[in-house]
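The values are calculated or read from the model by the stated rules, or taken from the named source; none is laboratory data. Computed from a predicted model, the values in this text were never measured in an experiment. Ideal geometry is used to build each Cβ from the backbone, glycine not excepted, and the neighbour counts take in all protein chains shown.
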Amino acid sequence: MTTVLLVDDQALVRGGLRLILEAEPDLAVAGEAGDGAEAVRLAGQLRPDVVLMDIRMPVLDGIGATKGVLTETPDTRVVMLTTFDLDEYVVEAFRAGASGFVLKTAPPGQLVAAVRTIVQGEALLAPASTRQLIEQSTRRITASPLLSSLSARETDVLRLLARGLSNAEIAEELFVEPSTVKTHVAAVLAKLGVRDRVQAVVFAFENGVAGV
């Protein structure tokens, strides 16, 4: 059973999300928070698998709350809730450790799929939108020395991750087995010191690897 903490300052939004998630046999709402500070406190108590986190909230916004939640429970995945498809704050949330984003207006099936996908850690949420958002909001900086720790094949994998490809799609591109790609992705995350694929993509754009 995947447990979810709902964080939004609007009770109606939380209620709608609860109805959608609790209709699924494999999902359960562990709790609700109306602001970022309460989210951090509840995350520490409930240790949910996923937090659906609004970006704009009183007391503590979603970016600060994401940092706090991941400090309390590093294994929790945070998915940002946003009203706009290309929200500049989402990339800041990615840098804070969020694993993806979903629109508040998304159909119920897409929201449910987002939660399941982020738990599996297989692919970025809405790859095209995520890639466009990161590309528009990051500026290339001096290449990190961490890049030199990657093998040529791992650099290829990072570049393909930045294109929003899944493990299966990367395997097709590189003519290898998906299990091999999974091993390479794990090595890339470990060597770059990032927690998941989204942070790896942000790193790729900031260091000029994406699109190379």
Inter-residue pairs, beta-carbon under 9 Å, first closer than 18 Å to residue 91 by Cα and in the range 180-207, second surrounded by fewer than 17 Cβ atoms within 10 Å (Cβ to Cβ) and among the acidic types (Asp, Glu), 6+ apart: 197/122; 205/135
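If we keep just the residues of the range 56-88 that are of a type in the set (Ser, Thr, Tyr) and surrounded by fewer than 18 Cβ atoms within 10 Å (Cβ to Cβ), which is nearest to residue 38 (Cα to Cα)?
Top of the filtered list is 71.
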Residue list for the range 160-174, filter: under 18 Å from the mean Cα position of the chain (by Cα) and assigned to a helix (DSSP H, G or I): 160, 161, 162, 167
Where residue 50 falls short, out of the listed (1) within 21 Å of residue 103 (Cβ to Cβ); (2) more than 15 Å from the chain's Cα centre (by Cα); (3) among the β-branched types (Val, Ile, Thr): (2)
Residue match in the range 178-185 (condition: more than 27 Å from residue 67 (Cα to Cα), in a loop (DSSP other than H, G, I, E, B) and out of contact with any helix residue (DSSP H, G or I) (no Cβ under 6 Å at 6 or more places or on another chain)): no
Residue that is of a type outside the set (S, T, N, Q) and buried (at least 23 other Cβ atoms within 10 Å of the Cβ), where the choices are 33, 37: 33
Any hit, the range 86-107, residues being hydroxyl-bearing (Ser, Thr, Tyr) and at pLDDT below 85: yes
Inter-residue pairs, beta-carbon under 6 Å, first within 19 Å of residue 91 (Cα to Cα) and in the range 159-179, second among the basic types (Lys, Arg), 6+ apart: 161/197; 164/131
